[in-house]
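Colleague: Quick one: the structure is below, and I'll ask about it shortly.
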Amino acid sequence: MTSTDNTTTPSETAQTENGHLLDALDPQLNRWLQDRGLPGYRGKQIRQWLFQQRAANWDAMSDLPQKLRRALAADLPLWQSRILRHIRAADGTEKLLLALSRGGQIECVLLRDRVRRTICISTQVGCGMGCVFCASGLDGVERNLSSGEIVEQMLRLQQLLETEERLSHVVVMGMGELLANLEALLPALAEAHRADGLGISTRRITISTVGLPAAIDRLAGSQPHYRLALSLHAPNDALRRQLVPAGQPLQTLLAAADRYFAVSGRRMTFEYVLLADINDQPDHARQLAHLLGRREALLNVIPYNPVAGLPYRTPSTARQQTFQRILTAAGLRVQFRHRKGSRINAACGQLRRAAGGRYRLSSN
Ligand code: SF4
């Protein structure tokens, strides 16, 4: 495992008067070019440099005239974050801790699994859902990220790839409850799947939520293309209220999820973090099987990855096996997912917390 602190201080990091250039790349670039009487094709060239050629700064865009690159660098900062830490694990996982110009710190992760190159991104600084086992929710939510701040994470992670590697999947599973920030997330995800963006199929974009039923319905009515993963974490409402204090009743959530999947046609995915002696008993598995009933779903069970300062533990292997056996016998498709990069605090919010004492930029 290698770690780098304060690895970059790009000269092109700042906040523009009008927000982030990546909030609305095409209109902002086109206006800037038009105001100077410059041809519109330059905008397409710049987009290609950013999304396909992984340029890290204006100067790298070598087929733009040098005078133009200098003017762009002076007027339009590309980035609004600074890399505070960059950690690489032996399994190929890389994690960035970013300090944002508008305040706050966020994390994003690149995961390597055979030919898959998956990026995991954040949507908020902190999180308001308060899941008791999660480092991101410990201090509440500070603010929503802008579309540009979300796109910036994708581009920065893509820049970590070797030339021959290609991004294949996006998971919105980092810090924050993404359904509380749909307005910024949807334009950012459009950049992920546009052919002249990152070019990732919507089938390979997963958004993971603990669930806000009204927002699930809004999503179903506008952008039902993405895979939705609903995090349950408990098989009954009493336990769920303890684990996800801001969560909604399970039946309300499942009804909203059913409506989404009826429109999207995408396979249902449910997530369940398995906590030793809390929600890992055989009876919990039986209740969970009953709750999910005959849905054509995939259930991802994630044995807990301990967080420093929190009292929760990983269940024993025997307990995990019993849990899995009961669910499988009930006819559910179950997958036990062990977190990659656990040596580098890969679960959301852990790195920010670990670094908090040294790098805290905000009140969080
Ligand atoms: S697990 Fe997700 S929804 Fe829950 S507090 Fe953490 S970031 Fe928020």
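Colleague: Which members of region 173-186 meet the condition of being touching a helix residue (DSSP H, G or I) at 6+ places or on another chain (Cβ under 9 Å), within 16 Å of the ligand (Cβ to nearest atom) and open to solvent by 20 Å² or more (accessible area, probe 1.4 Å)?
Modeller: Ala180
Colleague: Something else about it: Mind listing just one residue for me: the one in region 214-230 that is in a helix (DSSP H, G or I) and open to solvent by less than 20 Å² (accessible area, probe 1.4 Å) and, of those, farthest from the ligand (Cβ to nearest atom)?
Modeller: If we take residues in region 214-230 being in a helix (DSSP H, G or I) and open to solvent by less than 20 Å² (accessible area, probe 1.4 Å), then Ala220 is farthest from the ligand (Cβ to nearest atom).
Colleague: So, one more: Output the residues belonging to region 19-67 that are acidic (Asp, Glu) and closer than 19 Å to Gln158 by Cα.
Modeller: Hits for region 19-67 are Asp23, Asp59.
Colleague: Could you say whether any residue in region 190-204 is touching a Pro at 6+ places or on another chain (Cβ under 8 Å) and either away from the ligand (no atom under 12 Å from the Cβ) or of a type in the set (Phe, Trp, Tyr) (or both)?
Modeller: No - not one qualifying residue is present in region 190-204.
Colleague: Taking the condition assigned to a strand (DSSP E or B), within 16 Å of the ligand (Cβ to nearest atom) and under 12 Å from the mean Cα position of the chain (by Cα), does Val170 pass?
Modeller: no
Colleague: Run Trp79 past the list (1) open to solvent by less than 10 Å² (accessible area, probe 1.4 Å); (2) more than 19 Å from Gln52 (Cα to Cα); (3) modelled with pLDDT of 95 or more and report the number of the one that doesn't hold.
Modeller: Here Trp79 clears every test but (2).
Colleague: Sticking with this one: Regarding Ala257, is this residue open to solvent by less than 20 Å² (accessible area, probe 1.4 Å) and either small (Gly, Ala, Ser) or within 16 Å of the ligand (Cβ to nearest atom) (or both)?
Modeller: yes
Colleague: Now a separate question. Considering only residues of region 116-134 that are of a type in the set (Val, Ile, Thr) and within 15 Å of the ligand (Cβ to nearest atom), which is most open to solvent (accessible area, probe 1.4 Å)?
Modeller: Taking the candidates together, the pick is Val132.
Colleague: Now, a different point. I'm trying to understand the selection: among the residues of region 19-51, which are touching a residue at least 60 places away in the same chain (Cβ under 8 Å) and either assigned to a loop (DSSP other than H, G, I, E, B) or among the basic types (Lys, Arg) (or both)?
Modeller: The answer is His20, Ala24, Lys44, Arg47.
Colleague: Please find, among Gly137, Gly148, the residue that is buried (at least 19 other Cβ atoms within 10 Å of the Cβ) and under 21 Å from Ala308 (Cβ atoms).
Modeller: Gly137
Colleague: How many residues, within region 137-165, are over 26 Å from Ala24 (Cβ atoms) and either more than 16 Å from the ligand (Cβ to nearest atom) or in a helix (DSSP H, G or I) (or both)?
Modeller: The total comes to 4.
The values are calculated or read from the model by the stated rules, or taken from the named source; none is laboratory data. Keep in mind that what you see is a predicted model, and the values were worked out from it rather than measured. For neighbour counting, all protein chains shown are included, and Cβ atoms are generated from backbone atoms with ideal geometry for every residue, glycine included. Protein only, heavy atoms only, side chains kept; ligands, DNA and RNA dropped before computing areas. Shrake-Rupley method; radii C 1.70, N 1.55, O 1.52, S 1.80 Å.
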